[in-house]
Amino acid sequence: MKKIVEFIKKHKVETTVGAVIAVTVGGIIYKSYSNYQKSVYFEANQWLKIDNNEETRKEVEKLIKGKKQGKLQELFDGRLEFGTAGLRALMGAGYTRMNHITVQQTAQGWAEYLLDVFDPKTVQKKGIVIGYDHRDHSKEFAEITANVFMLKGFKVYLFNCIVPTPLLSYAVRVLKTAGGVMVTPSHNPKEYNGYKVYWENSVQIIPPHDKGISQKILENLELLDLEEASELSSEFLYDPIETNKVDEQYYNDIYEELKSHLCYNLQSSSYLKITYTAMHGVGYEWIKRAIKTFEFNPIIPVESQVEPDPKFPTVPFPNPEEKGALDLAMETADSNGSSLIIANDPDADRLAVAEKIPSTQFSENESKKPQWHVFHGNEIGILLAWWQFKKYQRKSTKRPIAMLNSTVSSKMVKALADKFGFKYEETLTGFKWLGNKAIELEKQGYKVLLSFEEAIGYMVGSTVYDKDGISAAMALIQMALYLEDRNSTLLQQFEKLSVQKLGYFLFNNSYFYCYNKEVINSIFKKIRNDGKYFEKIGSFKIKSIRDLTTGYDSSKKDKKAVLYVDPNSQMITFTFENDATITLRTSGTEPKIKYYIELSEKLSKETVQEKLDKLTQMFIETYLEPEKNELVPPKKK
């Protein structure tokens, strides 16, 4: 009753004999106080009671004063959804954004989940490790998380500087903590931030932990008083670099993992010049230390992109795969006589590569201006697979070896495994699956040499059970030096693998934007055809279908899929009689329908490309129907 009286005094409220008849807030009339409680204005005013951050308070107050109901609806109608990728969203006020409140509530739920799943005293003693990148508010979000865990009785390892994501995963492993948090949105635009959660095995969480943490977040929304944590820092707070030298351990371990006598003394006679860009992220200082550890010649930095800058002034979308992302690197390389470019994304867990095409390979009609081949993620993955296998062949102590990649990545690595007799496995998309599978295989006695996904993510060896753009860069440089010593290049070696050993594996990976969930559902419903899946696409006959939304797999005796089935996401794979594959899936973070098409045959490259183009066109016209479904294609690169 007290709240209603206060409310009547503050707002325009009509009453009769003590009863509330109508409420006017933000220019909107509500028939009762209870109706107002269900409104977005009520949620916004409740938010202001708990928000102590000046920036987000001003944002909400301005929206209320301006009667911006639509924008308020966007910010307060619902909550950020916590999943296996943790959180990733725009920064700003409201429960659907990354901010001090939603981060604290997430940390509270994560801490309570660990206390619930494990013995409380044991998990508190093991503690948690927290890292952050250079983005706006990343350090603040990390400190909020640290304070929450200290208040919950946990030992906390908080990095005192910006770090690459792979170092966080590595720290969880070597410090043997109960888990970890990395505050980063990876390669998303500057307006975003993210919150990655790692399990005690140093891999990002998988089901059912995401649902368990999500539930604990909802059960622990009331905010703790974080000021009380300041008194606990001397007892519970540690810097993993200062106290445990995890950075030195990391460099020593990746060197021991990757070193090979095949690379000895190559650097001293090398003319190879390497240009590097960090995409305004954290990678440069960490790459320089790796270069020094491996005793490579210094790299040539793209000066305007190597310093951490959360505004990303030269790249609106800081993803090395995007159109124009490597333009400045190419300019720098051309002006310095460099023939190789390596690039990390902002949190340095991914690796992009470009190589200058020698002018001798140009046709008569082509310009003599320097041209570059930007490697696709699959091409880099295959080259690393070949290199890792070649190095391991020379080792005296041998275990059975394995390599793996995601189900939407190239099957060329499977062909490599079949040819040379090592184990190959595929997993769902994401290193949460690849990392867990690698751990499983190593427990069985295998040495996992490489795990990768086509989106330029590579886990070279098993020092880190996550994608690592720094160690992958070191392996790539090793390979480039080895090939240079034999008068060859990365591109020539890939062509050699295709022509002489495995055949051409050509792929067409792309996507359409679709902003209507009903349209997405109708597309997949048509494909499923009430369980009577189509038998061919044009002249291409389908051999098997795997539907990881329903759990159906026609290639298995019991018709049940082996990979994890998620009824809340869409993913179907077609395998054709000519062993071509098509996977269609929805994105978990963007309004996209993605397709991955691969075709391989030991024919001429032109013939294989022609068949791939035909299959792609027929698939899009038959199933996606872009014009009818108003699908928006990506901008041409």
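The values are calculated or read from the model by the stated rules, or taken from the named source; none is laboratory data. As the structure is a computational prediction, the values presented were derived from the model and not from experiment. Because the Cβ atoms are built from the backbone with ideal geometry, glycine has one as well, and the counts that use them run over all protein chains shown. SASA here: full protein model, heavy atoms, side chains in, ligands and nucleic acids out. Shrake-Rupley method; radii C 1.70, N 1.55, O 1.52, S 1.80 Å.
Numerical summary
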quantity	calculated
Cα centroid separation - region 244-276 against region 187-202, whole Å	27 Å
Three-way shape label, region 116-207, alpha-carbon gyration tensor, a/c 1.5	prolate
Fraction of accessible area attributable to carbon and sulfur, the chain (%, probe 1.4 Å)	48 percent
Nearest-10 value in Å² for the accessible area of residue 176, using the 1.4 Å probe	140 Å²
Per residue accessible area of region 437-545, 1.4 Å probe, in Å²	41 Å²
Å² per residue, accessible surface of region 290-389 at 1.4 Å	43 Å²
Length released on extending from residue 486 to residue 288, taking residue separation times 0.36 nm less the Cα-Cα span	68.7 nm
Rg/Rh (Cα only; Kirkwood hydrodynamic radius) as it applies to the chain	1.00
Tail beyond 21 Å, pair distance distribution of region 409-472 (Cα, percent)	16 percent
Over the chain: helical MRE at 222 nm, DSSP H runs n ≥ 4 each giving -39500 (n - 2.57), nearest 500	-11500 deg cm²/dmol
Degrees between helix 469-485 axis and first principal axis of the chain (Cα, 0 to 90, nearest 10)	10 degrees
Sparse-neighbourhood loop sites, GluC sites (Glu not before Pro) in region 83-180 - DSSP loop, at most 16 other Cβ within 10 angstrom	none
Contact order relative to length of the chain, as percent, for alpha carbon pairs under 8 angstrom and 6 or more apart	9 percent
Listed residues 329, 186, 607: farthest to the positive end of the dipole of the chain (Cβ charges)	607
Distance in nm between pseudo-label sites at residue 607 and residue 211 (7 Å out along the Cβ direction from Cα)	5.0 nm
Convex hull projection area averaged over all views, region 206-322, Cα basis, nm²	13.1 nm²
Qualifying GluC sites (Glu not before Pro) in region 394-461, DSSP loop, other Cβ atoms within 10 Å at most 15	none
Potential extension, residue 554-residue 516 segment - 0.36 nm per residue separation minus Cα distance	10.7 nm
Pair-distance profile P(r), taking every C-alpha pair of region 425-549, with 10 angstrom steps and integer %	10, 23, 32, 23, 11, 1
Difference of contour (0.36 nm per residue) and Cα-Cα distance, residue 248 to residue 578	113.9 nm
0 to 90° range, to nearest 10: angle between helix 209-219 axis and the chain longest Cα axis	20 degrees
Pairs beyond 27 Å (Cα-Cα), from 419/525; 125/245; 532/557	419/525
Convex hull projection area averaged over all views, region 161-249, Cα basis, nm²	7.7 nm²
